[in-house]
Every structure is written in structure tokens, then in C-alpha cells.
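Some notes on the structure that comes next.
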Amino acid sequence: MVGGGAREDAICRNLSDHGHKVHACLSNRNPSILGRSSGYTIVSETDWETISSVASVLSPDLVFVSPDAALDTPLVDTLLSSGHAVASPSRKAAMIETSKHFMRSVMERYSIEGNVWNRTFSDRDEMRKTVLAMKEEIVVKPLGLTGGKGVRVMGDHFSTREEGLAYAEEIISKDGRVLIEEKLRGEEFSLQAFCDGSRVIPMPLAQDYKRAFEGDTGPNTGGMGSITDSSFLLPFVTGENRNRALRILEKIARALREEGSPFTGILYGQFMVSREGVRVIEINARFADPEGINMLALMDDDLGEVLMKVATGDLNRNVKFTGKASVLKYVVPVGYGSAPEPGDLSIDRGIERADVRLFYASVSGTVERVTMSRSRALAIVALSDSIPEASGKVDASLAMVHGRFSVRKDIGTEQMIRKKMQSLGYPAP
Ligand code: AMP
Ligand code: GLY
């Protein structure tokens with residue numbers, strides 16, 4: 001397994017709980033992963049040459065490359081050409097995430113519904129003319145991977161078209177090209193699915209909270225937390241809208257197969273639901289972080305067996321998930337998202353129970369005392385019958401984490417859910 005965050009801790013935990021032996025390739029000394037794996041290599045996730053030589057020495061039954069940065073290297077292609085079974089997409093198939101231009105153009109060429117108005121510009125004058133003539137608000141995106149932090153949305157991150165154009169010109173100077181999209185309004189949701197190149201097996205829906213502060217304010221982050229519901233839908237996403245999103249993922253998988261690059265791995269769509277329907281914000285080529293951790297905490301199945309089926313094109317069954325709601329909250333250093341002040345945290349033994357799990361993210365140290373980096377530290381996930389109950393359980397367990405940290409208590413509260421339902425015109429629960 002490649003990767004060393006909370007998502008990979010959750011992957012490693014499912015694998016070791018099902019009796020699989022894991023060798024982890026990770027850049028940080030994540031105490032939980034190191035404790036559970038039978039071996040590890042401390043290596044940069046993008047150092048594909050070292051990681052492929054580790055694989056050739058160990059000759060594992062299966063390789064899983066988790067983080068997006070590693071998928072944007074020759075790693076998977078090299079492993080596949082040496083004959084390894086790999087449950088992750090080839091570099092070309094991963095372009096559905098690593099090139100936003102490729103994703104939008106696949107949707108256009110295969111007439112896949114849910115696309116949004118978008119254009120890639122390299123010419124500043126043409127961009128200026130087009131943007132100033134638009135009625136809609138805009139979103140400015142670098143084309144490649146930015147860890148969720150390069151996208152700027154009008155009304156949230158800048159207020160005038162001129163400010164948006166200035167940022168877009170900055171990106172053109174750096175990358176040569178920039179993507180401008182029409183701004184969508186509504187509620188975002190995530191649908192992740194296992195894909196073996198042709199079959200698409202869905203997981204429960206989730207919602208990610210990207211803003212640093214309560215009430216969805218402050219800078220965008222890698223994600224402060226996420227929720228799922230016991231119905232596997234969300235209070236503000238109907239079964240019909242979820243089926244629309246699933247059909248979009250199926251069509252994308254078919255399009256990639258027709259392009260000669262079948263997608264093997266986790267296909268993860270970020271969608272926006274509004275009164276007008278379901279549209280695509282992003283397609284990713286991996287488990288979401290944090291929402292993937294909710295999936296792994298809910299998964300009542302052997303991930304190793306499922307991933308082997310993904311790798312061998314034999315995904316001939318559904319994957320089982322516990323019928324509970326789940327809420328995840330990330331414990332982060334104070335100032336995360338702008339000027340983080342990392343310190344140490346100590347964690348009481350006994351924080352984990354049957355319905356509360358703790359996953360270690362960008363930290364080092366021991367399971368009882370960790371040193372934070374500038375990034376997210378601990379993911380606490382609770383399962384319960386309802387989203388607000390699960391949210392309360394996470395909050396109660398925070399009393400067992402000691403040190404200076406921030407956490408968003410509002411994620412999954414009844415008040416927050418009511419507000420989202422009202423904004424979409426649904427009756428409040
Ligand atoms: P991305 O890195 O593309 O996932 O974008 C980060 C965040 O920017 C998304 O989760 C959305 O909240 C927002 N965003 C991206 N594209 C759009 C869009 N076309 N309309 C509105 N918001 C968007
Ligand atoms: N949940 C955001 C991401 O994984 O990109």
C-alpha cells in the first residue's frame with residue numbers, strides 16, 4: 001500500500017483485520033500504520049522508482065496506490081508492465097482526475113450529462129473577452145492537481161470578474177493554461193465506487209466539509225470532516241439524484257474503456273445537486289479524503305478481496321456496508337488552512353469503542369502521543385443511528401484528546417442539516 005494518512009490507516013486496518021499482510025510505503029512515521037503493517041518503507045509517495053523496486057523485491061499479491069500525487073507518476077504503469085496485480089488506475093485513466101481539461105472533454109465527447117459550461121484558455125485577451133461577456137459567476141481552476149486548494153470560486157474567494165481574471169492570468173503565467181467554469185449552486189455530495197474496468201459498484205453517499213471554520217466559513221482545506229446516512233443517501237439527496245450520479249460514473253467508466261484506458265480502482269465523483277438536477281464538479285481516481293474514511297469505517301467486507309477483484313476485472317458482487325449513519329471530524333492544528341501551529345497531542349487509551357474509531361493522519365510519534373505536522377492530525381469517526389447522534393459521539397470522544405487543536409463541532413448537527421434541506425427547498429426533518 002502506498003500512502004500514510006488517515007485514509008491509508010483505515011485501509012491498512014481493514015486489510016489487517018481480515019488477515020492480510022501489508023507492506024506500507026509512506027513518507028511519515030504514522031504510528032498506527034507502522035504498528036499494523038508487517039513491514040514499511042519510508043519514502044516519498046511520488047518516488048515511483050524506489051516504490052517499484054520495493055514491489056519487485058517483495059512481489060506482493062496486490063498493490064494499492066492510494067494518494068492522487070502517486071497516481072500522477074509512472075508508478076502504476078511500471079508495476080503493471082512488471083506483471084503486478086494493481087487495484088489502482090493507469091496514469092492515463094487517472095487523468096480523469098489529474099487533468100480537469102481531460103475530464104471535461106471526455107464528458108463532452110461522450111455526451112455525458114451533468115457537464116457544466118467550461119473552457120480552457122491560454123490566450124489572455126480571449127479569456128478576458130469571454131469572461132466579461134458572461135452572465136454567470138465563474139470558478140477559476142488550475143488544470144492539474146492542487147490538493148483541493150487551487151480552485152477559487154467567485155463570491156467565496158474573490159468578488160469581481162477582474163479579481164478572478166487576475167488570478168487566472170497568474171495561473172496562465174505559471175502553467176500556460178487555465179480552466180474557467182460556470183459557478184454551480186446547490187449542495188455538494190460525493191459518490192465513490194469500486195470499478196474493475198467495466199463494472200461500477202457504488203458505496204454510500206457522503207458529504208465533505210472543506211471550509212476551515214464552523215458555518216462553512218474560512219479558507220478551503222483538504223476537508224475538515226464528512227457525513228453519511230444510514231439510508232446510504234443523504235437527507236438532501238434523493239435516490240433518484242443518486243442514481244443519476246451513478247449513471248454518470250458508469251458512463252465515464254465506459255468512455256475510458258472506449259478510449260483504450262479502462263479504469264481500475266476507486267472512481268469518486270463530486271457532484272452538485274440543485275433544483276435543476278445533478279452536475280459534475282470533479283471526478284477523482286481514488287478514495288476521497290475524508291469521505292473515503294467513512295466508507296472504510298462502514299465497510300462490512302474484506303477490502304483485500306474486493307480490491308483483488310478490482311485488479312483482476314472480476315468485480316462480480318456488491319460490497320457490504322453497515323446500515324448506520326457516520327460522522328467524521330478531523331482534529332487539526334490551530335490555524336490549519338492559513339497559518340498552522342503544530343504541536344503535540346496526547347490521546348487517552350480507550351478512546352476507541354465499537355462505534356468510535358480513531359485514524360492517524362499526518363502525524364508521527366506513538367499512538368498515545370503524536371507530533372502534528374502543518375496538516376490534518378487525527379480523524380475521529382463515529383457510527384450511530386442518525387447523523388446528529390454520530391456527531392455528538394465524536395464530540396464526546398474529543399475529551400480524550402489533549403493539546404491545542406481545532407475541530408469543527410458543527411459537522412453533522414441537526415441545525416446544519418436543516419439549513420441544507422431548506423436551501424434546496426425540501427421540508428425540514
Ligand atoms: P475541486 O478541487 O475542483 O474539487 O474544487 C474544490 C471546490 O471548489 C469544490 O469542492 C467546490 O466546492 C468548488 N467548486 C469547484 N468547481 C465548482 C463549480 N463549477 N461551481 C461551484 N463550485 C465549484
Ligand atoms: N474530499 C476531497 C477530496 O478527497 O479531494
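The values are calculated or read from the model by the stated rules, or taken from the named source; none is laboratory data. Since the model is a prediction, treat every value here as computed from it, not as a measurement. Quick reminder, even Gly has a Cβ in these numbers, built from the backbone with ideal geometry, and neighbours come from all protein chains shown. Accessible surface areas use protein heavy atoms only, side chains included; no ligands, DNA or RNA. Shrake-Rupley method; radii C 1.70, N 1.55, O 1.52, S 1.80 Å.
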Open item on the list: What number does the range 287-400 give for Rg over Rh if you use C-alpha atoms and the Kirkwood radius?
Closed with: 1.03
Open item on the list: What figure, in Å² to the nearest 10, do you get for the accessible area of Trp117 with a 1.4 Å probe and non-protein molecules left out?
Closed with: 100 Å²
Open item on the list: Positive end of the dipole of the chain, charges at C-beta (+1 Lys, Arg; -1 Asp, Glu), about the Cα centre: which of Val334, Thr98, Ile387 has its Cα farthest in that direction?
Closed with: Ile387
Task: Lys, Arg +1 and Asp, Glu -1 on Cβ, resulting dipole of the range 150-236 about Cα centre, debye, nearest 20 - done: 160 debye
Task: Separation of the Asn243 and Arg369 label points, Cα + 7 Å toward Cβ, nm - done: 5.7 nm
Task: the range 106-166: equivalent-ellipsoid semi-axes (sqrt of 5 x gyration tensor eigenvalues, Cα, Å) - done: 20, 16, 12
Open item on the list: What does the charge count around Gly155 come to, taking other residues whose C-beta lies under 9 Å from its C-beta (Lys +1, Arg +1, Asp -1, Glu -1)?
Closed with: -1
Open item on the list: Using amide H atoms built in the peptide plane, which far-off residues or other-chain residues are under 5 Å from Phe263 H to H?
Closed with: Gly197, Arg257
- [ ] Provide the net charge surrounding His18, with neighbours chosen by a C-beta distance below 10 Å and charges set as Lys +1, Arg +1, Asp -1, Glu -1.
- [x] -3
Task: Shape call, the range 142-192: gyration tensor on alpha carbons, a/c limit 1.5 - done: oblate
- [ ] For the chain, build the charge dipole from Cβ charges (+1 Lys, Arg; -1 Asp, Glu) around the Cα centre, then report which of Ala168, Leu62, Val401 sits farthest towards its positive end.
- [x] Ala168
Task: Contact order normalised by residue count of the chain, Cα under 8 Å, 6+ apart, percent - done: 17 percent
Open item on the list: Above 16 Å lies some portion of the pair distances; for the range 1-122, what is it as a whole percent of all C-alpha pairs?
Closed with: 63 percent
Open item on the list: How long are the semi-axes of the equivalent ellipsoid of the range 257-340, defined as square roots of 5 times the Cα gyration tensor eigenvalues? Whole Å, largest first.
Closed with: 27, 20, 16
Task: Cα gyration tensor category, rounded, prolate or oblate, for the range 25-83 with a/c compared to 1.5 - done: oblate
Task: Net +/- balance of residues flanking Arg317 in space, Cβ distance below 12 Å, scoring K and R +1, D and E -1 - done: -2
Task: Calculated from backbone phi, Karplus (6.51, -1.76, 1.60) coupling profile of the range 10-27 in Hz, x at Gly/Pro - done: 5, 5, 4, 5, 4, 4, 6, 4, 9, x, 8, 9, 10, 9, 9, 10, 8, 9
TODO: Go through Pro427, Val237, Gly155 and say which Cα lies farthest out towards the positive end of the charge dipole of the chain; charges sit on Cβ, +1 for Lys and Arg, -1 for Asp and Glu.
DONE: Pro427
Open item on the list: I'd like the accessible area for Glu170, computed on protein heavy atoms only with a 1.4 Å probe and all protein chains in place. Round to 10 Å², please.
Closed with: 110 Å²
TODO: Give me the Debye-computed log₁₀ of I(q)/I(0) at q = 0.07 Å⁻¹ for the chain, equal point scatterers on Cα only, no solvent, two decimals.
DONE: -0.32
- [ ] Might you report the magnitude of the Cβ-based charge dipole of the chain about its Cα centre, with Lys and Arg at +1 and Asp and Glu at -1, to the nearest 20 debye?
- [x] 340 debye
TODO: Place a +1 charge on the Cβ of each Lys and Arg in the range 1-148 and a -1 charge on the Cβ of each Asp and Glu, then give the dipole magnitude about the Cα centre in debye, rounded to the nearest 20.
DONE: 200 debye
Task: Label point at Glu49 placed 7 Å out along Cα→Cβ; residues across the range 59-89 whose backbone nitrogen lies under 14 Å - done: 74-75
Open item on the list: Over the Cα atoms of the range 127-249, each weighted equally, I'd like the Debye log10 I(q)/I(0) at q = 0.10 Å⁻¹, rounded to two decimals.
Closed with: -0.42
